[in-house]
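Visitor: To start, I am sharing the structure in question, which I have written as structure tokens.
Values quoted throughout were computed directly from the atomic coordinates according to the rules given, and no laboratory measurement underlies them. These figures come from a predicted structure and were not determined experimentally. When we count neighbours, we look across all protein chains shown, and the Cβ atoms used for this are built from the backbone with ideal geometry, even at glycine.
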Amino acid sequence: MTGTPIEAVIFDWGGTLTPWHTVDFAEEARVLAAAAVDADEDAHQRLAAAGDVVWGRSRDHHTSATVADLFVEAGLTHDESLLEPAASAAFEALASRRLTGEPLAYLVGTREFHGLSLQVDARVLVPRPDTEVLVDWGIELLRGELAGIAAPEVVDLGTGSGAIALAVSRAQPRCRMTATDVSAAALAVARVNAERLGLSIETACGSWWSAVQGRRFALALSNPPYIAARDDHLEALRAEPLSALTPGTTGLEALLEIIANAPAQLLSDGWLLLEHGFDQADAVRAALQVQGFKRIGMRRDLAGLPRCTGGQL
Ligand SMILES: C[S@@+](CC[C@H](N)C(=O)[O-])C[C@H]1O[C@@H](n2cnc3c(N)ncnc32)[C@H](O)[C@@H]1O
């Protein structure tokens, strides 16, 4: 272990706050983060006592790579000084919140998405890496098929933190981007993120297409809620807004509503790209066909599962 160790206080397996031993936090945080990325069993086990708290034996695998951020957030950054009581208390408070299931992204207040640092809190879903597949598909169309349109109108339906709208806008600044959400609180987060990143987007509040009624778009993207209301996965996601996760009994309600009303809101030859659950690709494809979409395609997520379906009107 390099550097001068600081006295640290961390949780043990039982979740009790205990003086553990001297820890060089900068080093340990790096190892823990590396273990998360590399799944290095040795590093994982050495740090299990600390890691189980911040990792929380969570199914939320996206959070583990930012364990180092939690230490930084608590002020545990100076490995040459004794741990200050205030930093210890801050870490304790953060770890307690983690134990209740809050995602690390809420604890540290930011999440990286498609190269952007987005501010996130309990008003919005934590953007997932899988959604970058949808963003990449949209950018690909804007660079290819839609390259001839000087200022294409693009809409992100259900924008949450603004993740999709902002990532596409940054890659394709010529877009006239509108970001919608039924949640005014979520739109406030999206606007803060746009301002922080210096990106210009329009926001509109309302349910799906009604937020932009009467307008037509060259490209529409959406990652709507698609988890069925009784799905067991919802329990592990309880810290995130329920309205961002489930649209109703089947999980298909929002996807089908967006598809049914898309022809009235897309330009002729306009595109609609949708993220959905791993077992919903066939239902989404069938609904697109019923509405007259052609050139229907599908994209897989990083795990190889069919998670995006889209087509051209
Ligand atoms: C799965 S989250 C996606 C958030 C963001 N686009 C992302 O990918 O990280 C779904 C979003 O749809 C919004 N939403 C839910 N019902 C809606 C509706 N009826 N009309 C518009 N937006 C809705 C939620 O507030 C939430 O922000």
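Visitor: In whole Hz and in residue order, list the ³J(HN,Hα) couplings for region 156-170 that follow from phi through the Karplus curve 6.51 cos²θ - 1.76 cosθ + 1.60, θ = phi - 60°; x for Gly and Pro.
Guide: In residue order, the calculated couplings are 10, 8, x, 6, x, 5, x, 3, 5, 4, 6, 5, 5, 4, 5 Hz.
Visitor: Now a separate question. Starting from the Cα gyration tensor of region 87-169, take the square roots of the eigenvalues, sort them a ≥ b ≥ c, and report rounded, prolate or oblate (rounded when a/c is under 1.5, otherwise prolate if a/b is larger than b/c, else oblate). Can you show the working numbers first?
Guide: Numbers: a/c = 3.58, a/b = 3.37, b/c = 1.06.
It is prolate, given that a/c is not under 1.5 and a/b is the larger ratio.
Visitor: Check which residues have an amide H placed less than 5 Å from Leu125's amide H, if you skip close sequence neighbours.
Guide: Amide H to amide H, under 5 Å and 5 or more residues apart or across chains, Leu125 pairs with Ser161.
Visitor: Please work out how much length the chain gains when fully extended from Ala303 to Ser210, using 0.36 nm per residue of separation minus the C-alpha to C-alpha distance, in nm with one decimal. Mind dumping the intermediate values first?
Guide: Values: separation 93, 0.36 × 93 = 33.48 nm, distance 3.41 nm.
That pair, Ala303 and Ser210, stretches by 30.1 nm at full extension.
Visitor: Now, a different point. What are the residues whose amide H is under 5 Å from the amide H of Thr203, where those residues sit 5 or more places off or on another chain and H is modelled from the backbone?
Guide: Long-range HN contacts for Thr203: Ala179.
Visitor: Explain nothing, just compute: Karplus ³J(HN,Hα) = 6.51 cos²θ - 1.76 cosθ + 1.60, θ = phi - 60°, for every residue of region 180-189 in order, whole Hz, x for Gly and Pro.
Guide: With the stated coefficients, region 180-189 comes to 10, 6, 7, 9, 5, 5, 5, 4, 4, 5 Hz.
Visitor: Sort region 173-313 into rounded, prolate or oblate with this rule: let a ≥ b ≥ c be the square roots of the eigenvalues of the Cα gyration tensor; rounded if a/c is under 1.5, and if a/c is not under 1.5, prolate when a/b is larger than b/c, oblate otherwise. Show your work: numbers first, answer last.
Guide: Values: a/c = 1.58, a/b = 1.04, b/c = 1.52.
Oblate, since a/c reaches 1.5 and b/c is not below a/b.
Visitor: Next up: Shape call for region 187-247 from the C-alpha gyration tensor, a ≥ b ≥ c root eigenvalues: rounded (a/c under 1.5), prolate (a/b greater than b/c) or oblate? The partial results should precede the final answer.
Guide: Numbers: a/c = 2.76, a/b = 1.51, b/c = 1.83.
Oblate, because a/c is 1.5 or more while a/b does not exceed b/c.
Visitor: Testing the spin-label approximation: label points 7 Å from Cα along Cα→Cβ at Arg230 and Arg191. State their distance in nm.
Guide: Each label point lies 7 Å from its Cα, and together they span 4.0 nm.
Visitor: Would you mind checking which residues have amide H under 5 Å from Phe113's amide H? H placed 1.01 Å from N; only 5 or more apart, or other chain.
Guide: Counting only residues 5 or more places away or on other chains, the set is Leu118.
Visitor: Among Trp208, Trp271, which comes first, then next, by fewest other beta-carbon atoms within 10 Å? Let's see the in-between values first.
Guide: Values: Trp208 20, Trp271 27.
Fewest to most other Cβ atoms nearby, the residues stand as Trp208, Trp271.
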